[in-house]
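Novice: Quick one: structure below, then a few questions.
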Amino acid sequence: MSDSSPAPAGTPAPASVPVVEVWCELQCPDCRTALDDVRALRARYGDRLELRLRHFPLEKHKHSFAASQAAEEAAEQGQAWQYVEAVLGRVEELDRRGEPFLVEVAGELGLDAEEFDTALIDGRHILIVDADQAEGKAIGVTGTPTYVVAGERLDGGKSQEGLRERIEEIVDRLLAGQDA
């Protein structure tokens, strides 16, 4: 929910913050490794940077599509990244247990686990996941994690080496441009 009340006359509009789209798959071991970079970016930039979760479930992972839907339910309940981190931290368990594990993690985080179960059954978030996946394919995402910053696609599925530094260079340049 956002505050849509108008700013007082003469108040400058807030500068938009740079966005890093994180194309992720919750059954992906490389995405689990990438969490360290996501945490470091969050620690370095705080609210001066928006980390936007985008879904790119891979067919080779049987529970990835359901996990993406569950992450959307977590977003509805206000804990998207907490949920993503909890699931990625236990990808092997997701692989073994599937949807019951996704519901269990929701309960562990204090979310409405019953609503998670219902969301996975009724498919209310399928269109969001499908749209992300289609957009990802359209811009050339082939694996996860992949980041898009200022229109530049950075493929973390090939190598995480130096990736966070490259993202920081782009974000620093964008922030410097706002200050100019």
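Novice: Would you check if there is a residue in region 109-132 being out of contact with any helix residue (DSSP H, G or I) (no Cβ under 6 Å at 6 or more places or on another chain), among the charged types (D, E, K, R), modelled with pLDDT of 95 or more and closer than 20 Å to residue 149 by Cβ?
Specialist: Scanning region 109-132 turns up at least one residue that is out of contact with any helix residue (DSSP H, G or I) (no Cβ under 6 Å at 6 or more places or on another chain), among the charged types (D, E, K, R), modelled with pLDDT of 95 or more and closer than 20 Å to residue 149 by Cβ.
Novice: Conditions first: (1) among the aliphatic types (A, V, I, L, M); (2) part of a helix (DSSP H, G or I); (3) crowded, with 17+ Cβ neighbours inside 10 Å. Residue 111 passes all but one, so which condition is the exception?
Specialist: Tallying (1) among the aliphatic types (A, V, I, L, M); (2) part of a helix (DSSP H, G or I); (3) crowded, with 17+ Cβ neighbours inside 10 Å, residue 111 fails exactly one: (2).
Novice: OK, next. Scan region 114-127 for residues that are under 20 Å from the mean Cα position of the chain (by Cα), buried (at least 17 other Cβ atoms within 10 Å of the Cβ) and not in a loop (DSSP other than H, G, I, E, B) and jot them down.
Specialist: 116, 119, 120
Novice: What number of residues within region 138-169 satisfy the criterion of being touching a residue at least 60 places away in the same chain (Cβ under 8 Å) and farther than 17 Å from residue 54 by Cβ?
Specialist: Selection size over region 138-169: 3.
Novice: Then there is this: Scanning for something surrounded by 13 or more Cβ atoms within 10 Å (Cβ to Cβ), in contact with a Gly (Cβ under 6 Å, 6 or more places away or on another chain) and at pLDDT 95 or above, does region 3-23 turn up at least one residue?
Specialist: yes
Novice: Just give me the residues in region 155-180 being under 22 Å from residue 16 (Cα atoms) and either of a type in the set (A, V, I, L, M, F, W, C) or in contact with a strand residue (DSSP E or B) (Cβ under 8 Å, 6 or more places away or on another chain) (or both), in sequence order.
Specialist: 166, 167, 170, 171, 174, 175, 176, 180
Novice: A follow-up question, please. Could you please give the count of residues in region 24-64 that are surrounded by fewer than 23 Cβ atoms within 10 Å (Cβ to Cβ) and assigned to a helix (DSSP H, G or I)?
Specialist: Selection size over region 24-64: 17.
Novice: Looking at region 136-174, which of the residues that are in a helix (DSSP H, G or I) and surrounded by fewer than 16 Cβ atoms within 10 Å (Cβ to Cβ) is nearest to the chain's Cα centre (by Cα)?
Specialist: Filtering region 136-174 for residues that are in a helix (DSSP H, G or I) and surrounded by fewer than 16 Cβ atoms within 10 Å (Cβ to Cβ), the one nearest to the chain's Cα centre (by Cα) comes out as 137.
Novice: Let me ask something additional. Only one of these is farther than 29 Å from residue 167 by Cβ and of a type outside the set (Val, Ile, Thr): 136, 46, 110. Name it.
Specialist: That would be 110, the only listed residue that is farther than 29 Å from residue 167 by Cβ and of a type outside the set (Val, Ile, Thr).
Novice: Hey, among 135, 85, which residue is within 30 Å of residue 173 (Cα to Cα), touching a residue at least 60 places away in the same chain (Cβ under 8 Å) and of a type in the set (Asp, Glu)?
Specialist: 135
The values are calculated or read from the model by the stated rules, or taken from the named source; none is laboratory data. Note that the structure is predicted; figures quoted are calculated from it, not measured. Note that each Cβ is placed from the backbone with ideal geometry, even for glycine, and that neighbours are counted across all protein chains shown.
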